[in-house]
1. Could you check, for region 170-193, whether at least one of its residues is in a helix (DSSP H, G or I), under 18 Å from the mean Cα position of the chain (by Cα) and of a type outside the set (Val, Ile, Thr)?
2. Provide a single number: the residues in region 1-18 that are within 12 Å of the chain's Cα centre (by Cα) and either assigned to a loop (DSSP other than H, G, I, E, B) or within 28 Å of Gly186 (Cβ to Cβ) (or both).
3. Under 6 Å between Cβ atoms, which residue pairs at least 6 apart in sequence (or on different chains) link something in region 81-94 that is among the aliphatic types (A, V, I, L, M) with a partner that is exposed (fewer than 15 other Cβ atoms within 10 Å of the Cβ) and at pLDDT 95 or above?
4. Of all residues being modelled with pLDDT of 75 or more, under 13 Å from Ser137 (Cα atoms) and of a type outside the set (A, V, I, L, M, F, W, C) in region 37-51, which is surrounded by the most Cβ atoms within 10 Å (Cβ to Cβ)? Just the residue, please.
5. Can you tell me which residues in region 165-196 are loosely packed, with under 14 Cβ neighbours inside 10 Å and farther than 19 Å from Val30 by Cα?
6. Does Pro24 fit the bill of being part of a loop (DSSP other than H, G, I, E, B) and either closer than 29 Å to Gly166 by Cβ or among the small types (Gly, Ala, Ser) (or both)?
7. Which ones in region 130-153 are touching a strand residue (DSSP E or B) at 6+ places or on another chain (Cβ under 7 Å) and closer than 16 Å to Ala97 by Cα?
8. Please note which helices (runs of 4 or more DSSP H) are completely contained in region 52-144 and include at least 2 residues that are of a type outside the set (A, V, I, L, M) and crowded, with 18+ Cβ neighbours inside 10 Å.
Amino acid sequence: MPDFSFELEHSGRVCGVDEAGRGPWAGPVVAGAVILNQTTLSLDWVAGLDDSKKLNAAKREVLYQRLLAAPGVIWGVGSASVEEIDECNILQATFLAMRRAVVDLGTTPDFALIDGNRVPPGLPCQARAVVKGDSLSLSIAAASIIAKVTRDHVMVELDAEFPGYGWANNAGYGTRQHQEALLRLGVTAHHRKSFAPIRKILSHGDS
């Protein structure tokens with residue numbers, strides 16, 4: 001379970017940063033940044049914070065709402081659009097979303113813990129990458145929940161606008177339902193045209 005070990009290695013305000021949506025075929029990539037105040041957090045639910053992928057949707061939603069309302073929690077969200085993903089590639093778009101999330105905190109942290117093995121360039125503070133950080137650091141785990149739930153909400157809204165692809169359930173990933181809908185309904189403006197499966201469909205349409 002994640003704890004504050006990584007945060008305690010650094011002085012001042014430490015934020016955790018994580019992303020959601022690198023792999024889907026549709027929708028933006030979204031990043032969350034969170035600064036947790038260890039002295040004001042309620043221990044009864046801090047214990048529930050974990051890598052968002054290990055939690056079901058209902059649990060993520062509860063923790064998301066608690067994070068937004070908890071005293072002393074500072075959070076920010078950043079995203080990169082499908083157009084930005086197609087223009088600069090998914091890795092650079094992820095870095096862009098992370099930088100935007102840190103800026104969205106509204107205050108400059110003293111240090112940032114980044115989930116993964118690379119630190120985004122251009123952050124306003126020193127940072128380190130933490131592999132599997134969302135399972136090790138409470139701040140990163142909180143950021144993973146903020147990012148995942150925020151993106152899921154976006155995909156539910158897009159699903160209502162573009163029904164048939166199942167985005168409310170598959171979040172834009174290449175499930176069988178999504179694949180069949182692409183063949184039946186075609187590619188939308190919210191699909192990542194630089195991704196190989198979408199590019200393949202578009203190339204067949206041009207032939």
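1. Looking for residues that are in a helix (DSSP H, G or I), under 18 Å from the mean Cα position of the chain (by Cα) and of a type outside the set (Val, Ile, Thr), one finds at least one in region 170-193, hence yes.
2. Qualifying residue count, region 1-18: 0.
3. Correct list of pairs: Ile90/Arg22.
4. If we take residues in region 37-51 being modelled with pLDDT of 75 or more, under 13 Å from Ser137 (Cα atoms) and of a type outside the set (A, V, I, L, M, F, W, C), then Asp50 is surrounded by the most Cβ atoms within 10 Å (Cβ to Cβ).
5. Arg176, Glu180, Leu183, Arg184, Leu185, Gly186, Ala196
6. yes
7. Ile140, Ala143, Ser144, Ile146, Ala147, Lys148, Thr150, Arg151
8. Filter on region 52-144 gives 57-69, 90-104.
The values are calculated or read from the model by the stated rules, or taken from the named source; none is laboratory data. What you are looking at is a predicted structure, and each value in this text was computed from that prediction instead of being measured. Counting neighbours? That spans all protein chains shown, and the Cβs are built from the backbone with ideal geometry, glycine included.
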